[in-house]
Amino acid sequence: MDLYPVIEPYDHGMLDVGDGNHVYWETSGNPHGKPALVLHGGPGSRTSPNLRRYFDPAAYRIVLLDQRGAGRSLPRASAHDTDMSVNTTAHLMADLERLRAHLGIERWLVWGVSWGSVLGLRYAQTHPGVVSELVLTGVATGSRAEVELLTRGLGKIFPDAHERFLAELPPKDRDGNLAAAYNRLLESPEPSVRDRAARAWTDWETATIPAPPGSVARFEDPEFRRGFARTVTHYWGNDHFLGEGEGEGDGGDEGVVLRNAHLLKGIPGTLVQGSLDFGNLLGIVWRLHHAWPDSELVVVDEAGHDAGAVGDEALRAATDKYARAGDRTTGRSPSRTDPSRTDPLLTDSSVPARPPSP
């Protein structure tokens, strides 16, 4: 099963989300179709035109955005003077709600890859009334154990690359939180220190996460490399800012997302996972699937973490299935507004109407 043909957006813009941030968004497909929100990975990656191709353009209104600091959104995380204190999971979820209101969408399917799956899961847990379905690949939950695996545990599998990774850090920082240690380098006032840290971080990532050549080539762009490494380490070094202000503690070894999988009850979901994804070493996707009865798990053999290598057929099949299903509550297209239903943007207090100021 091939992906859908290449299409262009019929609308796009820059949304003012506060704190001096403007988020790039675009819509493509059918303006009256079933709304679908696409969340890219990273944190700090960017959206890709290829992500539109997982959706039937006749059936879906496809919404893509570059998250704060990433891609075409401004200011970019690659600029040293960009304030990263206003780039957290709570801020990103508030941005999604503002974009949903801006586009006049009541409910949307949420599609996420890697970090996008973490953000999509937490968004669905805190805003269940606006998420009709979830389609997730390269599944992660943002737990401390996952960060420890990716920054230290995989050193047993890639010892040479890990030795080079550690060598860029001061000796006193090599036994603690490696992401936080790298983030300190990436916040250095010295450009040369920041550049070396960004290169070392992305070299480690490409050594441990097999990906298509195009995904690796983006790290040859110094601006992208700096922004990506700075954002990833900012989130990974702070437990992905999960549970922040919600009375649930930090990410912890199990993590807020997995611990609260019961909050996904009633939301259909499809988890498409490569059998060779190193995240599987912790069993996270299986534990999530069993804790979320409304989910289905599709394991693609001989595939790794990247969406394009995981299984295009399975991802397209999932969106095709949900396009036929319509709105799970009303049986109608979610793009039709039902005035009898309360807008969670006005009632959900888990994310502020505007992101908090630093």
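The values are calculated or read from the model by the stated rules, or taken from the named source; none is laboratory data. Since this is a predicted model, take the numbers as computed values, not measurements. Every residue, glycine as well, gets a Cβ built from its backbone with ideal geometry; the counts of neighbours run over all protein chains shown. The area values use the complete protein model at the heavy-atom level, side chains included, leaving out ligands, DNA and RNA. Shrake-Rupley method; radii C 1.70, N 1.55, O 1.52, S 1.80 Å.
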Exercise for review: Out of LEU74, LEU103, LEU109, report the one residue that is in contact with a Pro (Cβ under 9 Å, 6 or more places away or on another chain), of a type in the set (A, V, I, L, M, F, W, C) and open to solvent by 10 Å² or more (accessible area, probe 1.4 Å).
Suggested key: LEU103
Check your understanding: Within region 20-41, can you find the residues that are of a type outside the set (A, V, I, L, M, F, W, C), touching a helix residue (DSSP H, G or I) at 6+ places or on another chain (Cβ under 9 Å) and either at pLDDT below 95 or closer than 19 Å to ARG316 by Cβ (or both)?
Key -> SER28, GLY29, GLY33, LYS34, PRO35, HIS40, GLY41
Check your understanding: Can you tell me which residue in region 28-61 is farthest from the chain's Cα centre (by Cα), limited to those that are part of a strand (DSSP E or B) and closer than 27 Å to PHE219 by Cα?
Key -> LEU37
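Output the residues belonging to region 77-100 that are assigned to a loop (DSSP other than H, G, I, E, B), over 23 Å from GLU26 (Cβ atoms) and open to solvent by less than 50 Å² (accessible area, probe 1.4 Å).
At the first step, the residues of region 77-100 found to be assigned to a loop (DSSP other than H, G, I, E, B) are 77-83, 87-88.
Retained after the next criterion (residues that are over 23 Å from GLU26 (Cβ atoms)): 80-81, 83, 88.
Within region 77-100, THR88 is the sole residue that qualifies.
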Exercise for review: Can you tell me which residue within region 170-208, out of those that are outside any helix (DSSP H, G or I) and within 27 Å of the chain's Cα centre (by Cα), is modelled with the lowest pLDDT?
Suggested key: GLY176
Exercise for review: Would you be able to say whether some residue in region 136-147 is of a type in the set (D, E, K, R) and within 25 Å of ALA323 (Cβ to Cβ)?
Suggested key: no
**Study point:** region 146-161 residues that are free of Cβ contacts under 8 Å to residues at least 12 places away in the same chain and farther than 17 Å from ARG199 by Cα, paired with ones that are aromatic (Phe, Trp, Tyr) and surrounded by 18 or more Cβ atoms within 10 Å (Cβ to Cβ) (beta carbon under 8 Å, 6 or more apart)
**Key:** GLY155/PHE165
Check your understanding: Can you tell me which residues in region 112-142 are open to solvent by 10 Å² or more (accessible area, probe 1.4 Å), at negative phi and small (Gly, Ala, Ser)?
Key -> GLY129, ALA140
Point to revise | region 1-50, residues that are crowded, with 22+ Cβ neighbours inside 10 Å and among the hydrophobic types (A, V, I, L, M, F, W, C) | key: VAL17, VAL23, TRP25, ALA36, LEU37, VAL38, LEU39
Review point. Quick one: how many residues across region 266-281 are crowded, with 20+ Cβ neighbours inside 10 Å and part of a helix (DSSP H, G or I)?
Key: 1
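May I ask you to say which residue of ALA90, ALA140, ALA124 is within 10 Å of the chain's Cα centre (by Cα), at pLDDT 95 or above and closer than 19 Å to VAL257 by Cα?
Values: ALA90 fails: within 10 Å of the chain's Cα centre (by Cα); ALA124 fails: within 10 Å of the chain's Cα centre (by Cα).
Of ALA90, ALA140, ALA124, the one residue that is within 10 Å of the chain's Cα centre (by Cα), at pLDDT 95 or above and closer than 19 Å to VAL257 by Cα is ALA140.
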